[in-house]
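Have a look at this one.
The values are calculated or read from the model by the stated rules, or taken from the named source; none is laboratory data. Computed from a predicted structure; not experimentally measured. Note: ideal-geometry Cβ built from the backbone for every residue, glycine included; neighbour counts use all protein chains shown. We work out accessible area using only protein heavy atoms, side chains counted, and drop any ligands, DNA or RNA first. Shrake-Rupley method; radii C 1.70, N 1.55, O 1.52, S 1.80 Å.
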Amino acid sequence: MKNIKNRLLTCIYAVLFFLPSEGLAKSPVKNRIVANPIDLNYRFRPEKPSRREAADPVIVLYKDKYYLFASKSEGYWSSSDLIKWNYIPCESIPIIEDYAPMVIELEGELYYTAGCTRFFKTSDPEKDNWKEIKVDNKRRHDDITIFKDDDGKVYFYWGCHDKKPIQGVEVDPKNNFKDVGEVKDLILHNSAEYGIESAGDRNEMNKDGYNEGATMTKYNGLYYLQYATPGTQFVTYADAVYVSENPLGPFTYMEDNPYSIKPGGFIPGAGHGHTFQDKYGNYWHVSTMVIAVKDWFERRLGLFPVYFGGKGHIYCHTVFTDFPMQIPDRKVDLRKNDLSVGWNLLSYKKKVTASSYQPGYEAKNAADENVKTWWASRTGKAGEWLQIDLGCLMTVEAVQVNISDYQFETLRKDTAPVYQYLVESSRDGKNWQVIGNRTMNNRDAVHELIVLDRSVSACYIRIKNTVNLDGGVFSLSGFRVFGTGKGDVPSRVAGFKAVRNSSDRRRACFSWDGQDETTGYVIRWGTSPEVLNNAVMVYGNEAEYGFFNRDSHYYFSIQPFNENGKGKESKVVYVE
């Protein structure tokens, strides 16, 4: 009897704590909820035009803390939980501003390089006290990554070019990182066959893009060599992967590529990333997200859950990661769990009013789910406000405030603007209560997700600037409201069609019958009907993409969503 009772308790424990997404979503832990882009103090560039930038990230777990490094950030960040990040300015690494940093633990210390000609190490990255290592390596490797295998051997992988290949070589870290053996060409350009490598926002330019930013992951005896393509300025910036049984190949293209892609949603892009494990053994991919309005290199960072499928297959959840998701504090089966907490977007294309606006930067831009557009008030004075009418009473759980720094000419040498504001809710548009108070804020945060301690029932959500801004105006690229509506989920989509382009099989067009009750749609695809593990979010009722393989056959489905939840997926459509 005692054994039966113990088994029952064990089963209950497993159900409560180790079920995939359904368990997490029903009772989210609010202080573990985040949304992309990662909430960081993104650094302004030293030169004009004024814009913030962070890109080409790598995260390492060292001494029970995560350390995040990114291009052009004048330092790096540390975190104990992947949720809150502490910025650490760095002067002891003179190449800290170089593109594509690489950090790895070797012999109990963290090693840093960018370009591979100079190396630095530390055993205490919480302090700015890195020491340079003398190396005899005059050959520069752009977008270098370093991989240590289970047998202790160390490898370099690198490449950043629209013609030259991704290359690799074994090196000896105990002998100035000198090459061991010959450099090998590992990934050649092949945009004629693999559409994801063709340049363009829709891979439409019909020429090789840049293959760059390699990184290596080993799992169950296989080597997953990842690389970014076709270019950091494109919304189709993605990571693809080749697989091998050996660290230097030969490598085979994974048919279900791209591995990490996000051309839709509020903020696009999921390229030039780095795959790592957290404290609990869950895999993640941190990568570059694209704004590219003020400059091609205006970029942010995103964090995406990763899982492995059948032998030689790796996948990345990206599609709902700019909605609230929960960072787990245990091992989770990410094959069935995208970490979504089940809160829906309530603000898309709702009626928006404001205290003022500038031509071309109307209030509606704050609710159009496009980070590349924004609302701008006429002034930076306290009292400027923006208000969203949700249309009826809804349950509000969180608000994401995305600030665009419009008209600021801030450079690295200047003090970054610190925004202070109130977020308020109302049932009737007359009586207001504060649900987010940032009037005393001293943190540089332009992509903050404010998760409410308690949900509120509201029809109106308002944000009000409370400080006079010096040098710019109050501007929002996204004032995004999340929670649950009171109506029905959308009905299953009818009339879904997927058609390959007869003259270019890398491209496919999609159409379906539009639905009034729907906010948007998620198109899923794969190379088998049981594994539709790639996805893209679409607004409207048609789409065209060019990131498919010329010679692969595909299966597609579509799923609608609205402020009340997700509708049923359509039947799977096969396209030769």
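So how far, in whole Å, is the C-alpha centre of segment 387-445 from the one of segment 150-210?
43 Å
Hey, another quick one. Label K497 and V29 with points 7 Å out from Cα along Cα→Cβ: what is the distance between them in nm?
Output for this residue pair reads 4.9 nm.
Now for a different question. Could you state the accessible area per residue of the chain in Å², with a 1.4 Å probe and every protein chain left in place? Provide the component values of the computation, followed by the final result.
On the way: 23580 Å² over 576 residues.
Per residue, the chain has an accessible area of 41 Å².
With viscosity set to 1.306 mPa s at 10 °C, what whole-number translational diffusion coefficient in µm²/s follows for segment 405-513 from Stokes-Einstein and a Kirkwood radius over Cα pairs?
87 µm²/s
State the extension gain, in nm to one decimal, for the chain segment bounded by K381 and T415, taking 0.36 nm per residue of separation less the distance between their alpha-carbons.
Working: separation 34, 0.36 × 34 = 12.24 nm, distance 1.83 nm.
Using 0.36 nm per residue and subtracting the Cα-Cα distance, I get 10.4 nm.
Moving to a separate point now. So if we plug the beta-carbon distance of K430 and S123 into 1/(1 + (r/R0)^6) with R0 = 56 Å, what FRET efficiency do we get, rounded to 0.05?
Values: r = 60 Å, r/R0 = 1.06.
E between K430 and S123, to the nearest 0.05, is 0.40.
Stick to Cα atoms and the Kirkwood definition of Rh, then tell me Rg/Rh for the chain. Write out the running numbers ahead of the final one.
Details: Rg = 23.8 Å, Rh = 24.7 Å.
Using Cα coordinates only, the ratio equals 0.96.
Okay, next question. If I take R0 = 30 Å and measure r between the Cβ atoms of K153 and R335 in this structure, what FRET efficiency does the formula 1/(1 + (r/R0)^6) give, to the nearest 0.05? Spell out each step's value before the answer.
Details: r = 30 Å, r/R0 = 1.01.
For R0 = 30 Å, the calculated efficiency reads 0.50.
Still on this structure, I have one more. Using a/c under 1.5 as the rounded threshold, could you call segment 49-197 rounded, prolate or oblate? The axes a ≥ b ≥ c are square roots of the C-alpha gyration tensor eigenvalues, and prolate needs a/b larger than b/c, oblate otherwise. Write down the numbers at each step before the final one.
On the way: a/c = 1.73, a/b = 1.24, b/c = 1.39.
In terms of gyration-tensor shape, oblate.
Please identify the GluC sites (Glu not before Pro) of segment 407-480 that satisfy two criteria: DSSP loop assignment and at most 16 other Cβ atoms within 10 Å. Which are they? Could the numbers behind the result be given before it?
Values: sites: E409, E424, E448; in loops: E409.
When the GluC sites (Glu not before Pro) of segment 407-480 are filtered for loop state and at most 16 Cβ neighbours within 10 Å, E409 remain.
Hey, what did segment 255-365 get for relative contact order, percent, Cα under 8 Å, at least 6 apart? Please list the in-between numbers first.
Working: 162 pairs, mean separation 21.1, N = 111.
Reported as a whole number, the value is 19 percent.
Could you give the length gained on full extension between E255 and M205, defined as 0.36 nm per residue of separation minus the Cα-Cα distance, in nm? Spell out each step's value before the answer.
Numbers: separation 50, 0.36 × 50 = 18.00 nm, distance 2.22 nm.
Once the chain is fully extended between E255 and M205, it gains 15.8 nm.
Taking 7 Å along the Cα-to-C-beta vector as the label spot, tell me the E576-E47 distance in nanometres, rounded to one decimal.
5.3 nm
Could you go through segment 39-51 in sequence order and give the Karplus-derived ³J(HN,Hα) for each residue, using 6.51 cos²θ - 1.76 cosθ + 1.60 with θ = phi - 60°, rounded to whole Hz, and x for Gly and Pro?
7, 10, 7, 4, 7, 6, 6, x, 10, 7, x, 5, 6
Hey, how many Å between the Cα centroid of segment 516-532 and the Cα centroid of segment 453-480?
Computed from Cα coordinates, the inter-centre distance equals 33 Å.
Here is the link list: K63/K148; K63/K84; K148/K311. Which ones come out longer than 20 Å on Cα distance? Can you show the working numbers first?
Numbers: K63/K148 18 Å; K63/K84 17 Å; K148/K311 22 Å.
Distance filter (> 20 Å) returns K148/K311.
Within segment 164-245, list the GluC sites (Glu not before Pro) lying in a DSSP loop whose Cβ has at most 12 other Cβ atoms in a 10 Å radius. Each step should come with its number before you reach the end.
Numbers: sites: E170, E182, E193, E197, E204, E212, E245; in loops: E193, E204, E245.
Those that pass, being in a loop and sparsely packed, are E245.
Using a Förster distance of 25 Å, how high is the FRET efficiency between K163 and D551, based on the Cβ-Cβ distance and rounded to 0.05? Intermediate values should be presented prior to the final figure.
Working: r = 23 Å, r/R0 = 0.91.
E(calc), rounded to 0.05, equals 0.65.
Per 10 Å bin, what is the whole-percent P(r) computed from every C-alpha pair distance within segment 378-452?
14, 47, 29, 9, 2
Sticking with this one: Roughly how many nanometres apart are two label points built 7 Å out from the Cα toward the Cβ at T353 and S528?
Rounded to a tenth, the inter-label distance reads 5.6 nm.
Let me ask something else. Over segment 448-564, what lengths in whole Å, largest first, do the semi-axes of the equivalent ellipsoid take, defined as the square roots of 5 times the eigenvalues of the alpha-carbon gyration tensor? Write down the numbers at each step before the final one.
Working: eigenvalues 276, 81, 35 Å².
Those come to 37, 20, 13 Å.
Now for a different question. If I compute solvent accessible area with a 1.4 Å probe over the protein chains, what percent of it on the chain is carbon and sulfur? Numbers along the way, then the final one.
Values: 11090 of 23580 Å².
The nonpolar share, carbon plus sulfur, comes to 47 percent.
Just want to confirm a number: the relative contact order over segment 55-141, from Cα pairs under 8 angstrom separated by 6+ residues, in percent. Spell out each step's value before the answer.
Working: 188 pairs, mean separation 18.7, N = 87.
This gives 22 percent for segment 55-141.
Would you work out if segment 318-410 is rounded, prolate or oblate? Take a ≥ b ≥ c from the square roots of the eigenvalues of the alpha-carbon gyration tensor; rounded if a/c is under 1.5, else prolate when a/b is larger than b/c, oblate otherwise.
Verdict is prolate for segment 318-410.
Which loop trypsin sites (Lys or Arg not before Pro) in segment 418-469, with loop taken from DSSP, have no more than 14 other Cβ atoms within 10 angstrom of their Cβ?
R427, K430, R443
Students sometimes get this wrong: rank W130, W296 by accessible area, probe 1.4 Å, all chains present, largest first.
W296, W130
With runs of 4+ DSSP H residues as the only contributors, calculate the mean residue ellipticity of the chain at 222 nm using -39,500 (n - 2.57) per run, divided by the residue total and rounded to the nearest 500.
Rounded to the nearest 500, the figure is -1000 deg cm²/dmol.
Evaluate the relative contact order of segment 344-405 (contact order divided by residue number), counting alpha-carbon pairs under 8 angstrom at least 6 apart; express in whole percent. Show your work: numbers first, answer last.
Details: 77 pairs, mean separation 22.3, N = 62.
RCO, segment 344-405: 36 percent.
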